[in-house]
Amino acid sequence: MTSEPQVLIIELGGQLTQNIGRVLRESSKIRSAILDPKKAEVWLKKNQEVKAIILSGSGQSVTDEDAPKPPQSIFGLKRKGRHVPILGICYGMQYLAHRFGGRVEKAKEEYGKSGITSTSPTLLFHQTPQTQTVWASHGDSVITAGRGFKPIAQTSSGGVGAMVNLDLNIWAVQFHPEATQSEYGPAILSNFVKKIADCEEDWEPSNITESIQQEVLDQVGDGKVVLPFSGGVDSSYTARILSAVLGARLRYFTIDANQLREGEVAEIETTARFIGGDWRIISAHEEFASALSSLTYGPDKRLAFQQEYGKILISEALGFGATYIPQGTLAPDLIESGRTGGQQIVRHHNDLELEGFAMLHPLRHLFKYEVRELAKSVGLPESVHSRQPFPGPGLYIRVVGAPATPERIAVVRWADARAAEITKRHGIYKEISQLVVGYVATKTSGVRGDSPAYAGSALIRPFKTTDFMTGEGLYLPEPVVREISSVLSKRSEILRVWFDFTSKPPARTELE
């Protein structure tokens, strides 16, 4: 493995930036560093052997006064007498066109699946179809390429879909090859780093566990560590690998705040026994109910849960004499929390700072699918490494548009369990990345028997994704839809059953 990554991804504010690094690891086995422009400039001064630079997307326009810009030094970098290859993605392409005198305007907005057609053979589109499906997410478009640039692809709406300046070795695409919906995106990125930039494979999953363990050991020294443990794949993997190197200096614990699903406490206990070490469960129903059961607005629920969660972390750390608190925070959590340069989309309970304690995020560069593979590699059972994600605030944010009272939580817990049972029985549960079941407490009218009825609704959201940054609703077979509707509507608090197949974006995975 090389001492430093070969690829520098310059973070310009796009929500999919971390996906670029993920796809490079997945499809090309190549490491990358993801840095904002200021840090990138410092890093480049120390790492002259960088082989490729990628400019990410952004939510801004290149015409904004505060539009993000990469370090200008990247345009003078050379290696072995050639310009270091640069790839601009979406905003990255718009920035390059603008910088080199091209025209960027607000034209036809494109959001979601789109198409491009390559207009001349190039290494970037090597062994990909001339016309292909891509993922677009932009309000601005490149109308004319800049000086020295040649258009090499056209969008389905007639705009510039990709361009190249061969003299400066600069390439650019208007779409997002890092999004899972771009069917040949991994091949395009692989062509860039391998065929254009001559990068060598330097990333292997087997090295990641040791790297994470060593990073944490370097951070904590001889100190003690407490680890919040939900029983999900992220915290289970973290507990497994840290217990191996910290031993008695690690305590991990589960908070039962009445947010868990049916039978989940027993499942978590089974996983903890498998991992071994010092584990305990903390019952905090009353504390969380007092803080959350009067709140209606989703972000308020998340904030209140985070605050109560932080109090327990402090109490457990003080009781154990620990000053270090690692968590299984993944790249999407930090992206959506606004920690990687973009806007805050949602507040995640595990993205918090506690005065006097060091909050560690050893999985911060990883995505769910990667952690699943790592969990397999360290021997965690399938019940753990294939377990569907579940939000930290749990059932509190599955009660939609109303306070999450214990009574409503009981309804959504029951509905969640029945929906899971039905999809498992029909053999489709494993096709669903996350089965989100909510209870919409707003009452609607109906009839039961010969009597009028007035009750809430269950909402079923089967979601399919790879990285949880983008994804689509998964349409269920009609027999499954009918059975879920029939079973759930028999409960007196549920009059209707709604199904949500909205993609992400515009909808998030969770309902609140």
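Yes or no, residue by residue, for (1) acidic (D, E); (2) free of Cβ contacts under 8 Å to residues at least 40 places away in the same chain; (3) out of contact with any Leu (no Cβ under 8 Å at 6 or more places or on another chain):
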site: K430; (1), (2), (3): no, no, yes
site: T444; (1), (2), (3): no, no, no
site: G456; (1), (2), (3): no, no, no
site: R461; (1), (2), (3): no, no, no
site: E483; (1), (2), (3): yes, no, yes
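Looking across R372, R347, R364, one residue alone is closer than 13 Å to L330 by Cβ, open to solvent by 60 Å² or more (accessible area, probe 1.4 Å) and modelled with pLDDT under 95. It is R364.
This table checks each residue for (1) assigned to a strand (DSSP E or B); (2) open to solvent by 20 Å² or more (accessible area, probe 1.4 Å); (3) touching a helix residue (DSSP H, G or I) at 6+ places or on another chain (Cβ under 9 Å).
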{"position": "S445", "(1), (2), (3)": "yes, yes, no"}
{"position": "P452", "(1), (2), (3)": "yes, yes, no"}
{"position": "A458", "(1), (2), (3)": "yes, no, yes"}
{"position": "R461", "(1), (2), (3)": "yes, no, no"}
{"position": "V480", "(1), (2), (3)": "no, no, yes"}
{"position": "I484", "(1), (2), (3)": "no, no, yes"}
{"position": "S492", "(1), (2), (3)": "no, yes, no"}
{"position": "V497", "(1), (2), (3)": "yes, yes, yes"}
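Of everything in segment 406-433 that is of a type in the set (D, E, K, R) and out of contact with any helix residue (DSSP H, G or I) (no Cβ under 7 Å at 6 or more places or on another chain), the residue that is least open to solvent (accessible area, probe 1.4 Å) is D416. Only one entry of L227, L250 meets the criterion of being open to solvent by less than 20 Å² (accessible area, probe 1.4 Å), within 23 Å of R364 (Cα to Cα) and more than 25 Å from the chain's Cα centre (by Cα), and that entry is L250. With respect to V436, determine if the residue is in contact with a Leu (Cβ under 8 Å, 6 or more places away or on another chain), within 21 Å of F367 (Cβ to Cβ) and open to solvent by less than 50 Å² (accessible area, probe 1.4 Å). Judged against the criteria, V436 is a match. For segment 168-189, the set of residues classified as closer than 14 Å to L96 by Cα and surrounded by fewer than 24 Cβ atoms within 10 Å (Cβ to Cβ) consists of L168, N169, listed by residue number. Looking across segment 352-407, the residues that are assigned to a loop (DSSP other than H, G, I, E, B), under 30 Å from G456 (Cα atoms) and either more than 21 Å from the chain's Cα centre (by Cα) or of a type in the set (D, E, K, R) (or both) come down to R387, R398, G401, A402, P403, A404, T405.
Just one residue in the set G438, G427 is on the phi > 0 side of the Ramachandran plot and small (G, A, S); that residue is G427. Of the helices (runs of 4 or more DSSP H) that lie entirely inside segment 1-120, those containing 3 or more residues that are surrounded by 20 or more Cβ atoms within 10 Å (Cβ to Cβ) span 17-23, 91-99.
The values are calculated or read from the model by the stated rules, or taken from the named source; none is laboratory data. This is a predicted model, so every value here is computed, not measured. Cβ atoms come from the backbone with ideal geometry, glycine included; neighbour counts cover every protein chain shown. Ligands, DNA and RNA are stripped out before the accessible areas are found, and what is left, the full protein with its side chains, is counted by its heavy atoms. Shrake-Rupley method; radii C 1.70, N 1.55, O 1.52, S 1.80 Å.
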